[in-house]
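What follows is a short report on a single structure.
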Amino acid sequence: MGSVQIREVDAKKVLRAYGFAVPDGGLCISSNHAVDTADSIGYPVAMKIVSKEIIHKSDVGGVKVNLQNKEAVRDAYDLMMMRIPNVMPEAQLDGVYVEQMAPRAER
C-alpha cells in the first residue's frame, strides 16, 4: 500500500479539530495577504512555502522564521516566489503558510 501525504495546512486543520494547540496562521496567496495575516496574528511570524511537490521546504529556501514586521514578510514572500521556481520549476506553488512563531523551548 502506498503512503499518503497530507499538506501541513490540512494537517493543522485536523489537529485543531481534535483540540491540539496549533499556532495561529493561514494560507496566503499574495504578499499583501501574507502581511494582512501577519498583522492579524502578531509578530514575529514564520513563513513556509505550500506545494504538494515540495516536501523538504528548507532545502529549496521555502522557510523563513522570526519575521518581525510587514516589510520582512513582504520581502520573504516575494523572494520565495522568485527563487523557488528556479530551483523546482515543476513545483506548483499554492502560496505560503504564515503562522505565529512558537516560543523557544526551555532546556
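The values are calculated or read from the model by the stated rules, or taken from the named source; none is laboratory data. Not measured: the values here are computed from a predicted model. As a convention, Cβ positions derive from the backbone with ideal geometry for all residues, glycine included, and neighbour counts pool all protein chains shown. Just so you know, the surface numbers come from the protein's heavy atoms only, side chains and all, with ligands and any DNA or RNA stripped out. Shrake-Rupley method; radii C 1.70, N 1.55, O 1.52, S 1.80 Å.
Key figures
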{"item": "Dipole magnitude (debye, nearest 20) for the chain, charges at Cβ of Lys, Arg, Asp, Glu", "result": "260 debye"}
{"item": "Solvent-accessible area per residue for the chain (1.4 angstrom probe, square angstrom)", "result": "66 Å²"}
{"item": "Computed [θ] at 222 nm, helices only, for the chain once each DSSP H run of length n ≥ 4 contributes -39500 (n - 2.57)", "result": "-11500 deg cm²/dmol"}
{"item": "Pairs of Cα atoms farther than 16 Å apart, segment 27-79, %", "result": "35 percent"}
{"item": "Rule-of-thumb Rg ratio for the chain [Cα; 2.2 N^0.38 Å; N residues]", "result": "1.08"}
{"item": "Accessible surface, 1.4 Å probe, highest first, among residues 71, 99, 8", "result": "71, 8, 99"}
{"item": "Global geometry of segment 1-47, whether rounded, prolate or oblate, following the gyration tensor of its Cα atoms and the 1.5 cut on a/c", "result": "oblate"}
{"item": "For segment 6-63: relative contact order, % (alpha-carbon pairs under 8 angstrom, 6 or more apart)", "result": "29 percent"}
{"item": "Signed unit charges on C-beta, dipole axis of segment 21-107, positive-most listed residue 51, 66, 29", "result": "66"}
{"item": "Area of residue 7 that stays accessible when all protein chains are in place (1.4 Å probe, Å², to 10)", "result": "80 Å²"}
